[in-house]
1. Check cross-link reach from K339 to the lysines: straight Cα distance under 19 Å, and skip same-chain residues fewer than eight apart.
2. Enumerate the aspartates and glutamates that K89 could reach by cross-link, defined here as Cα to Cα under 17 Å, with residues fewer than 8 away along the same chain left out.
3. Which order, highest average first, do 159-170, 178-189 follow once you tally other Cβ atoms within 10 Å for each residue and take the mean per peptide?
4. Could you give me the ³J(HN,Hα) list for the range 302-317, computed from phi with Karplus coefficients 6.51, -1.76, 1.60 and θ = phi - 60°, whole Hz, x at Gly and Pro?
5. Going by how many other beta carbons lie within 10 Å of each one, how would you line up T191, T222, T383, fewest first?
6. Assuming R0 = 56 Å, can you tell me the calculated FRET efficiency for the pair A148 and S40, based on Cβ-Cβ distance, to the nearest 0.05?
7. Cβ under 15 Å from A318's Cβ, A318 left aside: what net charge do those residues give with Lys, Arg +1 and Asp, Glu -1?
8. Would you list, by chain and number, the lysines whose Cα falls below 19 Å from the Cα of K360, excluding same-chain residues fewer than 8 positions away?
Amino acid sequence: MFDSGNQQRLLQEVPTSSDFSWTLAMDAMANHSSYSLSFSDGHWLLEVLVGEKNLSIDLGPNELRVHRDDGILSIALPAHAVLAVENCKTKLKAGRLAVKWPPVLENFEKECYVLKKCEQPLIFAAPNFVEKSVCVNLIRAAKMYGKAVPQFGHDVKYEMPLWPELHAEMDSDTARELESIYRRLDCLCGTERRCDEQLPRVHFQAPDMAKSRMPQGLHLDTNGAPHRYVTALIYLDTLPASGDGATTFPCAMAPEPVQRAGRELYNQGGQHTSNVSDPELETLAQELLDASEEYCGFSALPEQGKLVLFFTRGDDGAVDPMSWHGGARVSAAGDFGGKWMLQIFKTLPPEIRSQKDLLKRFSARCRQPPEFVCDKVCHRLGTDLLEAREKVAASPQNFEPSQPSLPYLQLRMRHRLLGPESAVLEKWSP
Ligand SMILES: O=C(O)CCC(=O)C(=O)O
């Protein structure tokens, strides 16, 4: 519906005021109610189809209200997208309202850099996303509270609760830590957890003497789970340099023949290199495995607390055939006997799956993670480690004082991460 490329051309400038109750009057016409919230070019952008009737707008840090003759459209903003009322621009044209503001990055105790590592597949890494002591506690909690699902050899996957604070036995500190990790990932990935999603799991992989580097093969994350769009891996322990155990993406930034093998294997129905029968597909699968053997592409080494976030779908919403990946052989153990990793797979909301346009918009939006503060952690974006180190060095040691909160008139404080792709649309209230 909204073409962000044409945004500047489509929308004319209208005045913005820091006064909560400023009003904007316009001509009347259409009657739709729909909005979307996205993050691009370092700004939040809230786009609302307001129609062309007389209207006025109230802006507050957590909510925007559009008043029309026939009712009020009230849009609650998620807690991590606080509206910078004194610093926002508002534009209106052809019944579309655009409100743009920079992220409010204040009142935090810790900074975390989310670094883009590769464009296709889209991979981010965030060193120290989780504190080391929390990682150690999660290994303990997986053994204590997780449902163990034995795998090949000594490997185990422990299913963890999706809503840890509702878990009857989990101690409250662990539940709070796990909940905070999930919540921060929800913000980064652009969607809240849903009950229909696969349970998060802590994966333990024991050292083995496998000859090949990729003993479990390579796969796309839509293999057997067609609605996944992004995967988060958090390594809970560091393996020694000789241990490998890297999450390996052979097509990432790889020579064209390797990328072609990834593309063709997917186009011909392959989703797992260990599960192809056709000899032609076997050749393509072997090309990907050979590339991984030669350390082609991008490999994320297990480092305690590091997050790796990768997108299985592209801007068009379709499966990205460059996202083939797998876990490399674990050759040596760290302090906890092998490779430990928290895995979270996020899936497309059911209501958008059959609607190509919404799916595309959803995917494109989620692939642009925001900068935000959640649970006192400030998440900033970067493109490489050096840049991030410079930024950390330049950032103030003392935390910035939080801005005084703005007066607010009986506004509901609902926390939502989504735009209209979720089909959760606000209705015009009478
Ligand atoms: O072991 C890894 O690093 C990746 C694991 C993985 O891709 C999976 O379990 O789906």
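1. K132, K143, K147, K157, K211, K306
2. Answer for K89, where 17 Å is the Cα cut-off: E13, D19, D41, E47, D58, E63, listed by chain and number.
3. The densest-packed peptide leads the list: 178-189, 159-170.
4. Result, rounded to whole Hz: x, 10, 3, x, 7, 9, 10, 10, 9, 9, 8, 10, x, 4, 7, x.
5. Ranking T191, T222, T383 by Cβ neighbours within 10 Å, fewest first, gives T383, T222, T191.
6. Efficiency, from the Cβ-Cβ distance: 0.85.
7. +3
8. K346
Throughout, read-outs are computed from the coordinates displayed, never taken from laboratory work. Bear in mind the structure is a predicted one, so any value in this text is a computation, not a measurement. In this analysis, Cβ positions are derived from the backbone assuming ideal geometry, glycine residues included, and neighbour counts consider all displayed protein chains.
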